[in-house]
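Trainee: My questions all concern the structure below.
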Amino acid sequence: MLKFEKRNEKLIPRSKFFLRLVKYFFIALGIIAISLLIGIFGYKQFEGMSLVDAFLNSAMLMGGMGQIDTLHTEVGKVFAGAYALYCGFVVIISIGVFLVPIFHRFLHHFHLEGEFKKNES
């Protein structure tokens, strides 16, 4: 996995930090893309929707807007409910993955600043 600098190491330069941020953005995007494919497959399999309709329903659920088409099968309704709950977690996890480098840099910066002040005394 991608490593972060340790407590006693300097902050990485901004250019490397932005590259790290881009990497984590693409990891979060990958999680969302895989989840979208799961939704497309489920709607296609359980409701017999076309690819475009399955994509639309999956994307709308993942985006928090809700269902577009009326569901006709019991198993499709159960899938849609489970997928909606899953999408809520995926969005939270994806945001967390993207924010990890920012949060780490913020904490690392203040840790180093605290070390500098401690050594000054």
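Trainee: List, please: which pairs have Cβ atoms under 6 Å, are six or more places apart or on different chains, and start with a residue in segment 33-45 that is surrounded by 16 or more Cβ atoms within 10 Å (Cβ to Cβ) and end with one that is in a helix (DSSP H, G or I) and of a type outside the set (Phe, Trp, Tyr)?
Mentor: Pairs that qualify, where the first residue is surrounded by 16 or more Cβ atoms within 10 Å (Cβ to Cβ) and the partner is in a helix (DSSP H, G or I) and of a type outside the set (Phe, Trp, Tyr), are SER35/VAL90; LEU36/SER58; GLY39/SER58; ILE40/ALA54; ILE40/SER58; TYR43/ALA54; TYR43/ASN57; LYS44/ALA54.
Trainee: Of all residues in segment 63-84 being more than 23 Å from the chain's Cα centre (by Cα) and part of a helix (DSSP H, G or I), which is farthest from LEU29 (Cα to Cα)?
Mentor: Ranking the qualifying residues of segment 63-84, first place goes to GLU74.
Trainee: Mind listing whichever residues of segment 1-21 are in a helix (DSSP H, G or I) and touching a residue at least 40 places away in the same chain (Cβ under 8 Å)? Spell out how you get there, then give the answer.
Mentor: First, the residues of segment 1-21 that are in a helix (DSSP H, G or I): 14-21.
Those that are in a helix (DSSP H, G or I) and touching a residue at least 40 places away in the same chain (Cβ under 8 Å): PHE17, ARG20, LEU21.
Trainee: Checking SER94 against (1) of a type in the set (S, T, N, Q); (2) modelled with pLDDT of 95 or more; (3) surrounded by fewer than 16 Cβ atoms within 10 Å (Cβ to Cβ), which test does it fail?
Mentor: (3)
Trainee: For PRO13, only one of the following conditions fails: (1) surrounded by 13 or more Cβ atoms within 10 Å (Cβ to Cβ); (2) out of contact with any Asp or Glu (no Cβ under 9 Å at 6 or more places or on another chain). What is its number?
Mentor: (1) is the only condition that PRO13 fails.
Trainee: Further, regarding this structure: Consider LEU85 carefully, then state whether it is exposed (fewer than 15 other Cβ atoms within 10 Å of the Cβ), hydrophobic (A, V, I, L, M, F, W, C), at pLDDT below 90 and out of contact with any Cys (no Cβ under 7 Å at 6 or more places or on another chain).
Mentor: Spelling it out, it is not the case that LEU85 is exposed (fewer than 15 other Cβ atoms within 10 Å of the Cβ), hydrophobic (A, V, I, L, M, F, W, C), at pLDDT below 90 and out of contact with any Cys (no Cβ under 7 Å at 6 or more places or on another chain).
Trainee: Count, please, the residues in segment 16-32 that happen to be over 15 Å from VAL97 (Cβ atoms) and either surrounded by 13 or more Cβ atoms within 10 Å (Cβ to Cβ) or hydrophobic (A, V, I, L, M, F, W, C) (or both).
Mentor: Within segment 16-32, the first condition is being over 15 Å from VAL97 (Cβ atoms), and the residues that meet it are 16-19.
The next check asks that each one be either surrounded by 13 or more Cβ atoms within 10 Å (Cβ to Cβ) or hydrophobic (A, V, I, L, M, F, W, C) (or both); those that pass are 17-19.
Residues that pass the stated criteria total 3.
Trainee: Do the conditions hold for VAL90, that is, is it in contact with a helix residue (DSSP H, G or I) (Cβ under 8 Å, 6 or more places away or on another chain) and closer than 16 Å to ILE34 by Cβ? Even if it seems obvious, please write down each step before you answer.
Mentor: On the way: in contact with a helix residue (DSSP H, G or I) (Cβ under 8 Å, 6 or more places away or on another chain): yes; closer than 16 Å to ILE34 by Cβ: yes.
Here the answer is yes, as VAL90 does meet what is asked.
Trainee: Name the pairs whose Cβ atoms lie under 7 Å apart, with the first residue in segment 93-110 and at negative phi, the second outside any helix (DSSP H, G or I), and 6 or more positions between them or separate chains?
Mentor: Filtered contacts from segment 93-110: HIS104/PHE4; ARG105/LEU11; HIS108/GLU5; HIS108/LEU11; HIS109/LEU11.
Trainee: Separate question: What residue, among those in segment 50-71 that are exposed (fewer than 13 other Cβ atoms within 10 Å of the Cβ) and modelled with pLDDT of 95 or more, is farthest from SER35 (Cα to Cα)?
Mentor: Among those that are exposed (fewer than 13 other Cβ atoms within 10 Å of the Cβ) and modelled with pLDDT of 95 or more, it is SER50.
The values are calculated or read from the model by the stated rules, or taken from the named source; none is laboratory data. On a predicted model such as this, the values are computed, not experimentally measured, just so you know. Reconstructed Cβ throughout: ideal geometry from the backbone, glycine too, with neighbour counts over all protein chains shown.
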